[in-house]
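Visitor: Can you keep this structure in mind? I'll have questions shortly.
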Amino acid sequence: MADAAAIPSKADVKAQNKQRSLQFRAQHGLVVAFFLLILVFHVLSIYLFLSGFLLSRLVLQDRSECAVPPIDLSNYTPGSQERGCWHPKSFDKAVVILVDALRYDFTVPFQASAGDAEPHYFHNNLPVLYETAVKEPKNAFLRPFIADPPTTTLQRLKGLTTGTLPTLIDAGSNFAGTAIDEDNLIEQLYLAGKKVVHIGDDTWHSLFPGYFEPNLTRPYDSFNVWDLHTVDNGVNEHLFPLLEPSMAGRWDVAIGHYLGVDHAGHRYGPDHPAMAEKLRQMDEVFRRMIEKLDEDTLLVVMGDHGMDVKGDHGGESDMEVEAALWMYSKKGIFGRDGEGSLAPTATAKERPVAQIDLVPTLSLLLGMPIPFNNLGRPIAEAFHGSSKLLQPDYRNLAEVSRLTSAQIHRYQGEYAKVRKLDEDATSAPAKLWRAANEKWSTLSSSEKALKQAYEAFTLYQAENLSICKALWARFDLVSMSMGLIALVGTFAVIVMYAQGVNGDRAALTPPLLGWGLMGTAAGAVAGAALGALPIAAMPTLTAFGAATGGIVAVLLGFWPARPILTWPFPKTFWGWLCFMSTALLCVGFGANSWIIWEDEQLLFLLSTFAVLMLGASLGQADRQDQILGAVNALSFLVATRISSLSRLCREEQARNCRSSYYASATSSTSAAWQLAIPFAVALLLPTAVKYFFVRTKNYHGSAVIWIGIALRLGLIMVASFWALDSADDGDWLPQVSKDTLKTARVILAQIVLAVAFAAGYATYVWASPMLAVKTEEAPEKPQSTSKPINNEDPNAPILTTINEAPQPRSKLIIYGYANTHGTRYFLLPCAWILALILVQKPMGQGALALCFISILNLLEIIDANNLRRSPLGPIVLALLGMFHFFKTGHQAALVTIQWDVAFIPLKTLQYPWAPLMVVLNTYGPQILCAIAVPTITLWKVPPKHPGLLGRIAGQMATHVLFYAAIAVATVAEAAWLRRHLMLYRVFMPRMLVAVSVLVLVEFVGAVVAIVGVRWSVVSVGDVFGWPE
Amino acid sequence: MSSQQSTKSADPQKPLKHVDILQNQASLLFANLHPVLLLSVVPISFKSLVNDPVNTLLGLAPTVALVQAIYCIVCLPSTGQTPPPAHKPGQKKKSGKPVQDIWAKVVPALLSFLLTLFLTTPLLYITTILFGAPLISHHLHTILLALHLALLTTPQLFYVHGLDLSTWLRLVSLQQPVDEMYGMSLGALVGGWLGAIPIPLDWDREWQKWPVTIVCGVYAGAVVGKVLGGYVFKGARMKIN
């Protein structure tokens, strides 16, 4: 505008614009690159921390051998497959049935208790296991079967075949299991030439590739939790023929893995007719199996884990770990050690066995060597060895117990040797081992002495197990500290960049990026060089070197720019408020209660902000601003509170919390009334968004096409999707086959995604600013104004007269001038909201729609109070994102991950789409809020406003700062409280949410939001020319 | 608003001054007694507050209202009453018509309490709900909490400032200079805010139940706010934008 006096020639202006446009594009690219560099720092620090924090166990490669028993056997010659490797075998063949998520209380008769007077759908529908254990105690027994968390199927299968404890590092790999590389029962069977058949869940095949009989084995996709019957029917179809006498000799061990119970739990929750039906079906299956079973075959039925009240699992709550184990044979060799254990226990709290105990039990029963790494102990009922039901043969028991103990002892010796463990860690069990052996060697044949020896070995096994548990709960403090240091350093970089720069960030970014890249490279090389020495681990040191090198270099890069730096402390009322709320949350996460009740705190904080914004707006001098701000603040308050009604309580909240996210607290489907929500969203959300565009006269062109038509149609399709889904769940349309319903649903979802991403992005990229130009007859006298009126009042239609002085001509009125930038950019969140709403459950769709309206409210409030440069916007957006994370049916707990959304646009599990859908569902609100961040700067600024890019970068950095602060705090607290009772239930999940959301928001902020700014700013610049 | 703004600037600084309490002996005495009375409410009734919040809060309300009313009448200049010019040393006080004086104070006090009861209490009730108070249970608890909060926040402000819209807009936007009464109102609100913090802790204490901690916070906050507003931050103005 400086050249108002000397009007430049057209060509000059064109050249200048071209140059400025180029400059913007270059700076823009570098800003995106800088954010990606910060992302790299974060990824490195999180990798360092987690590799030290998530527990690790050294996997020994040793294998047990048939001919090499762990200890001298006095009265048995080992090494014969026919008689049994280390101990006489009891069975030639076994049918091992795994009923996924078979909780113990599903299998025992319901007993009324206080507050639970009536049996639920999951009670009394699978009586066969209990009946046989009571009626034929010599043929069958039923015991609670306790899983070691994490209670995911993959982890459980490892435990059930290797007999060792799971480590957390594997917990996340449920989606892509990898082969087991330590000694295990399946491998032992395979190497011994036994024919193992597997039918059912295909997780087994990723764990034991190539070990199963190819002709008879039938794997089924395991993650389609919406399908209750395909896998189960398939198992029945292929398993029962094996039991026919004609098939004898073609298999030795048959494994059937049923998934229906688990899927019924995930999809409907345990207390649902579908679960009752499923359990009855299982009951019938086992009765048929008993009928067909021959004398020499052992039948094992077990659950790999339980499920929580909602039917999900993964954690370590009682209900999730309490599975059932039932063994049956027609040989009548089982027994009990007394009256007390005759009938199965009423609850899983009494006389439980650990799941790892299955491994030595099954190995010895089938005459296999016990896998080398096993820590389990033999189950007493199975080695009864006597014909009297209540009087076990303690010699047999003591023998198997001694064998197992000896194998454990051998393993411990190897482990201590490899790990160079000190004596302390092994002295207590070593003493028990010696004591037990003494008892054995001085054995008289009296029943009492044998019993004592048996008990001494059992004691050794128990002590050893607890030592192992403690030992493997060991953290790598060096790696954790490295991660924490890098995380804090990155935090310092973001603080300086976001709040310490008092000038144009866009110009400061290129040197910072240059320094950072050089530092990262130099650090990585230095780290790798150090890592090449034998004393330390190469990847750890390289990562640490790269992160710290880069961080230090970026911080140094600030030095030349010190004239435009300030101390990054809050300076305004709002700055302090933002700082205090973030700090309060960070400190609060040091106490488990505040993590558990985070949703309520976020409501509290958001309401605080809203009330203060309401007050501040009322204090505005300008009447328009006053009303605009106040009305939007009220809308924000009400929207937030309505949204808060959508809750999914976590287990720890139970006493004071009622879930409303699903039909009931024990279900995971939506109630029928909740189906109204998607339709209401389809009806109201586009109208609401339209209102904000209309207010500034920006509802033209692409805005009409996208908001008025595409978004509305898309949302109607989303609503139809969920209607079809409920129709399928509730069998409302019995005449239409399930398959047709599913196909229709999947196609709808795919169309919505195509509309959102293909059409949405196309609209966004190629739209021109949403302006309407009208020509009016110019007044008689030509006007002499030569620059656009930059009216401070954003709400009145803005009138601009463009005229190149000489010729008299008509007047141009540009509608929508005041908010050109804001509305142009806001098409991007409008495209994303469609995809994000699709992957939410009906209740979550309402919450997300309210979140979207709250974002628009916030933009108006910020405009009314002129707070565009304040940290208020980005921080409230971050709070809003976190808040709606809870309101879309999530909690900082593994069980609340809504895995089933992977099947919204897909019929079968497909990578990478399935995990991507789960991410969009889980972190949808945070993604939406991160994409909205640039709008804070762009909303209602005039087209030729200078320095936008730098300010957008600053606001985005402030937004990231919130998540980075939470990540630093939760990581430090998880490290500090690593011996806390609630570590795995509360602190670790929150920390994992914090770090994953940080990385995701940074990625989305750079690659979606800031990259998106380019098209919007360029399109506005092309129309109005570029600012200096 | 532009016209209003011009009147504001034409009215130089007058409404932007903080308000002093009356400077007579009774006023000073009660102004000092007032925080002690308020502060003693919580420890005296704490046990019954924990055992039976509804009845205790209901029973306390008249007492608190009375204390607040006396504070208004004795210590504060009522609406429109020019702040006492009468404390120049040596000048004799005009003893006007005492009966009329009393009525000139009691009527605004009564109005202040009516407004507090029928305007502030519902508004604060809604606000409490918006902040996350139970929506479908504990209605009486929340209403009584709002009542107590209202009793401590607004009577003195209504009494001193009346219903002047521009003053109230300044009050809600934190732009009014801080004085004793405003400090007390803000203190009560901040105290209530802070009082909510210990509720989620898993200490399983009886006193963590709704709304005990908030009531305690409100009373403590009101007293602290009054003292700070009256002495430390007197005349200060927050810069919110």
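The values are calculated or read from the model by the stated rules, or taken from the named source; none is laboratory data. On a predicted model such as this, the values are computed, not experimentally measured, just so you know. As a convention, Cβ positions derive from the backbone with ideal geometry for all residues, glycine included, and neighbour counts pool all protein chains shown.
Visitor: So residue A:44 passes all but one of these: (1) modelled with pLDDT of 85 or more; (2) not in a helix (DSSP H, G or I). Which condition number does it fail?
Guide: Of the numbered conditions (1) modelled with pLDDT of 85 or more; (2) not in a helix (DSSP H, G or I), the odd one out for residue A:44 is (2).
Visitor: What number of residues in segment B:133-168 are within 26 Å of residue A:605 (Cβ to Cβ), within 13 Å of chain A (Cβ to nearest Cβ) and touching a residue at least 12 places away in the same chain (Cβ under 8 Å)?
Guide: The qualifying residues number 3.
Visitor: Out of (1) among the aliphatic types (A, V, I, L, M); (2) under 18 Å from residue B:124 (Cα atoms); (3) crowded, with 23+ Cβ neighbours inside 10 Å, the odd one out for residue A:648 is which?
Guide: (2)
Visitor: While we're on this one: Cβ contacts < 6 Å: first residue within 12 Å of residue B:184 (Cβ to Cβ) and of a type in the set (Val, Ile, Thr), restricted to segment B:219-241; second residue in a helix (DSSP H, G or I) and modelled with pLDDT under 95, any location; separation 6+ or different chain. Result?
Guide: B:223/B:35; B:223/B:38; B:223/B:39
Visitor: Quick one: which residue in A:261, A:285, A:197 is at pLDDT 90 or above, over 29 Å from residue A:312 (Cβ atoms) and outside any loop (DSSP other than H, G, I, E, B)?
Guide: Just a single option satisfies the conditions, and that option is A:197.
Visitor: Just to be sure before I move on: is residue A:641 more than 8 Å from chain B (Cβ to nearest Cβ) and basic (Lys, Arg) in the structure I sent? Quick ask: steps written out before the conclusion?
Guide: Values: more than 8 Å from chain B (Cβ to nearest Cβ): no; basic (Lys, Arg): yes.
No.
Visitor: Can you find a residue that is crowded, with 19+ Cβ neighbours inside 10 Å, free of Cβ contacts under 8 Å to residues at least 60 places away in the same chain and assigned to a helix (DSSP H, G or I) anywhere in segment A:264-273?
Guide: So in segment A:264-273, the residues crowded, with 19+ Cβ neighbours inside 10 Å come out as A:264-272.
In the following step, the residues that additionally are free of Cβ contacts under 8 Å to residues at least 60 places away in the same chain were identified as A:264.
Subset that is assigned to a helix (DSSP H, G or I): A:264.
There is at least one residue in segment A:264-273 that is crowded, with 19+ Cβ neighbours inside 10 Å, free of Cβ contacts under 8 Å to residues at least 60 places away in the same chain and assigned to a helix (DSSP H, G or I).
Visitor: Shifting gears a bit: One residue is enough: does segment B:213-234 have a residue meeting the conditions under 30 Å from residue A:657 (Cβ atoms), within 13 Å of chain A (Cβ to nearest Cβ) and aromatic (Phe, Trp, Tyr)?
Guide: no
Visitor: Another question about this same structure. Could you list all residues from segment A:651-674 that are more than 30 Å from residue B:209 (Cα to Cα), surrounded by fewer than 17 Cβ atoms within 10 Å (Cβ to Cβ) and either touching an Asp or Glu at 6+ places or on another chain (Cβ under 6 Å) or of a type in the set (A, V, I, L, M) (or both)? Even if it seems obvious, please write down each step before you answer.
Guide: Of the residues in segment A:651-674, the ones more than 30 Å from residue B:209 (Cα to Cα) are A:668-674.
When the remaining residues are screened for being surrounded by fewer than 17 Cβ atoms within 10 Å (Cβ to Cβ), the result is A:671-673.
Residues satisfying the conditions are A:671, A:672.
Visitor: Considering only residues that are assigned to a helix (DSSP H, G or I) and either among the charged types (D, E, K, R) or in contact with a Cys (Cβ under 9 Å, 6 or more places away or on another chain) (or both), which ones fall in segment A:436-484?
Guide: Keep residues of segment A:436-484 that are assigned to a helix (DSSP H, G or I), which gives A:436-441, A:447-472, A:477-484.
Passing the criteria: A:438, A:439, A:447, A:448, A:451, A:455, A:463, A:469.
Visitor: From the list A:1007, A:968, A:997, A:1020, which one is at pLDDT below 95 and either more than 28 Å from residue A:769 (Cα to Cα) or part of a helix (DSSP H, G or I) (or both)?
Guide: Values: A:1007 fails: at pLDDT below 95; A:968 fails: at pLDDT below 95; A:997 fails: at pLDDT below 95.
Going through A:1007, A:968, A:997, A:1020 in turn, just one is at pLDDT below 95 and either more than 28 Å from residue A:769 (Cα to Cα) or part of a helix (DSSP H, G or I) (or both): A:1020.
Visitor: Does segment A:526-556 hold any residues that are modelled with pLDDT of 95 or more and β-branched (Val, Ile, Thr), and which are they?
Guide: A:548, A:551, A:552, A:554
Visitor: Let me ask something additional. Quick check on my filter: what residues within segment A:796-841 are aromatic (Phe, Trp, Tyr) and either at pLDDT below 80 or buried (at least 23 other Cβ atoms within 10 Å of the Cβ) (or both)? Lay out the reasoning, then the answer.
Guide: First pass over segment A:796-841, keeping only residues aromatic (Phe, Trp, Tyr): A:815, A:817, A:825-826, A:832.
Hits for segment A:796-841 are A:817, A:825, A:826, A:832.
Visitor: Answer with yes or no whether residue A:634 is at pLDDT 95 or above, in contact with a helix residue (DSSP H, G or I) (Cβ under 9 Å, 6 or more places away or on another chain) and under 21 Å from residue A:971 (Cβ atoms). Break it down stepwise before answering.
Guide: Working: at pLDDT 95 or above: yes; in contact with a helix residue (DSSP H, G or I) (Cβ under 9 Å, 6 or more places away or on another chain): yes; under 21 Å from residue A:971 (Cβ atoms): no.
Judged against the criteria, residue A:634 is not a match.
Visitor: Determine which member of the set A:693, A:679 is closer than 22 Å to residue A:821 by Cβ, in a helix (DSSP H, G or I) and either within 14 Å of another protein chain (Cβ to nearest Cβ) or among the aromatic types (Phe, Trp, Tyr) (or both). Reasoning before the result, please.
Guide: Numbers: A:679 fails: closer than 22 Å to residue A:821 by Cβ.
Step by step, each of A:693, A:679 is checked, and only A:693 is closer than 22 Å to residue A:821 by Cβ, in a helix (DSSP H, G or I) and either within 14 Å of another protein chain (Cβ to nearest Cβ) or among the aromatic types (Phe, Trp, Tyr) (or both).
Visitor: Would you check if residue A:909 is crowded, with 23+ Cβ neighbours inside 10 Å, among the hydrophobic types (A, V, I, L, M, F, W, C) and touching a residue at least 60 places away in the same chain (Cβ under 8 Å)?
Guide: Values: crowded, with 23+ Cβ neighbours inside 10 Å: no; among the hydrophobic types (A, V, I, L, M, F, W, C): yes; touching a residue at least 60 places away in the same chain (Cβ under 8 Å): yes.
Against the criterion (crowded, with 23+ Cβ neighbours inside 10 Å, among the hydrophobic types (A, V, I, L, M, F, W, C) and touching a residue at least 60 places away in the same chain (Cβ under 8 Å)), residue A:909 does not qualify.
Visitor: Still on this structure, please answer the following. Being part of a helix (DSSP H, G or I) and surrounded by fewer than 19 Cβ atoms within 10 Å (Cβ to Cβ) narrows it down to one of A:50, A:36, so name that one. Quick ask: steps written out before the conclusion?
Guide: Values: A:50 fails: surrounded by fewer than 19 Cβ atoms within 10 Å (Cβ to Cβ).
So the residue among A:50, A:36 that is part of a helix (DSSP H, G or I) and surrounded by fewer than 19 Cβ atoms within 10 Å (Cβ to Cβ) is A:36.
Visitor: Quick one: would you say residue B:63 is within 21 Å of the chain's Cα centre (by Cα), polar (S, T, N, Q) and either at pLDDT 90 or above or within 23 Å of residue B:42 (Cα to Cα) (or both)?
Guide: Working: within 21 Å of the chain's Cα centre (by Cα): yes; polar (S, T, N, Q): yes; either at pLDDT 90 or above or within 23 Å of residue B:42 (Cα to Cα) (or both): yes.
When the stated conditions are applied, residue B:63 passes them.
Visitor: Let me ask something additional. Quick check on my filter: what residues within segment B:179-210 are part of a loop (DSSP other than H, G, I, E, B) and more than 14 Å from chain A (Cβ to nearest Cβ)?
Guide: Hit for segment B:179-210 is B:179, nothing else.
Visitor: Check residue A:70 against each of (1) closer than 20 Å to residue A:265 by Cα; (2) in contact with a helix residue (DSSP H, G or I) (Cβ under 8 Å, 6 or more places away or on another chain) and name the one condition it does not meet.
Guide: So residue A:70 meets the others, but not (1).
Visitor: Tell me which residues, restricted to segment A:197-256, are within 31 Å of the chain's Cα centre (by Cα), touching a residue at least 60 places away in the same chain (Cβ under 8 Å) and buried (at least 18 other Cβ atoms within 10 Å of the Cβ). Show your work before the answer.
Guide: To start, the set of residues in segment A:197-256 that are within 31 Å of the chain's Cα centre (by Cα) comprises A:198-210, A:218-235, A:255-256.
If we keep only those that are touching a residue at least 60 places away in the same chain (Cβ under 8 Å) too, we end up with A:200-201, A:221-226, A:255-256.
Residues satisfying the conditions are A:200, A:201, A:222, A:223, A:224, A:225, A:226, A:255, A:256.
Visitor: Continuing with the same structure: Identify, from the list A:185, A:191, A:216, A:207, the residue that is farther than 27 Å from residue A:233 by Cα and either at pLDDT 90 or above or not small (Gly, Ala, Ser) (or both).
Guide: Numbers: A:185 fails: farther than 27 Å from residue A:233 by Cα; A:216 fails: farther than 27 Å from residue A:233 by Cα; A:207 fails: farther than 27 Å from residue A:233 by Cα.
None of the other options fit; the residue is A:191.
Visitor: What helices (runs of 4 or more DSSP H), lying completely within segment A:527-615, carry at least 2 residues that are more than 14 Å from chain B (Cβ to nearest Cβ) and more than 30 Å from residue A:896 (Cα to Cα)? Talk me through it step by step, then tell me what you get.
Guide: Numbers: elements: A:538-557, A:573-588, A:592-596.
Answer list for segment A:527-615: A:538-557.
Visitor: Give me the residue from segment A:222-237 that is within 19 Å of residue A:270 (Cβ to Cβ) and charged (D, E, K, R) and, out of that set, modelled with the highest pLDDT. Reasoning before the result, please.
Guide: The initial filter retains those residues of segment A:222-237 that are within 19 Å of residue A:270 (Cβ to Cβ), namely A:225-229, A:231-232.
Keeping just the survivors that are charged (D, E, K, R) gives A:227, A:232.
Working: A:227: 82, A:232: 92.
Ranking the candidates gives A:232 first.
Visitor: Which one is nearest to the other protein chains (Cβ to nearest Cβ), of the residues in segment A:619-629 that are in a helix (DSSP H, G or I) and buried (at least 21 other Cβ atoms within 10 Å of the Cβ)?
Guide: Of all residues in segment A:619-629, those in a helix (DSSP H, G or I) come to A:623-629.
Okay, now just the ones that are also buried (at least 21 other Cβ atoms within 10 Å of the Cβ), so A:625, A:628-629.
Numbers: A:625: 8, A:628: 12, A:629: 10 Å.
Restricting to residues being in a helix (DSSP H, G or I) and buried (at least 21 other Cβ atoms within 10 Å of the Cβ), the top hit is A:625.
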